[in-house]
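The values are calculated or read from the model by the stated rules, or taken from the named source; none is laboratory data. All figures in this text were calculated on a predicted structure; none of them were measured in a lab. Reconstructed Cβ throughout: ideal geometry from the backbone, glycine too, with neighbour counts over all protein chains shown. Accessible surface areas use protein heavy atoms only, side chains included; no ligands, DNA or RNA. Shrake-Rupley method; radii C 1.70, N 1.55, O 1.52, S 1.80 Å.
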Amino acid sequence: MKIQDLDVAVIAFHMQGCGHCAEFLPRLRIQAVQHADVPTILIDVDRNDQAARVYKIDGTPTTILIRKGQAIAKIDGAGTDADIMDLYRRATS
């Protein structure tokens, strides 16, 4: 299945060796488990730079909420726990 085929998803762009990513991803995973009904996709930009270009990602971590392939919300950087929870709340509303 392609990202564009999903009704809704949270996509986190990260890269190996990124300190902010290492701090952010465990917090994202907690919310992903609590919101298992929302697909959460982790994309390593070193391995998939095409997806990063499509969604105009210019730094990591960056997390976006998509609906029907279109980005509708974005967290630049590690964000706060409240930012992450807000993405999942918006995904389910």
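Of Arg90, Arg29, Arg67, Arg47, which residue is open to solvent by 40 Å² or more (accessible area, probe 1.4 Å) and under 11 Å from the mean Cα position of the chain (by Cα)? It is Arg29. Considering segment 7-24, the residues that are closer than 10 Å to Thr60 by Cβ, out of contact with any Asp or Glu (no Cβ under 7 Å at 6 or more places or on another chain) and not small (Gly, Ala, Ser) include one that is surrounded by the most Cβ atoms within 10 Å (Cβ to Cβ), namely Phe13.
Gln4 meets each of the listed conditions (1) outside any loop (DSSP other than H, G, I, E, B); (2) touching an Asp or Glu at 6+ places or on another chain (Cβ under 7 Å) apart from (2).
When the residues of segment 71-87 are filtered to those that are over 13 Å from the mean Cα position of the chain (by Cα) and free of Cβ contacts under 8 Å to residues at least 24 places away in the same chain, the one that is nearest to Cys21 (Cα to Cα) is Thr80.
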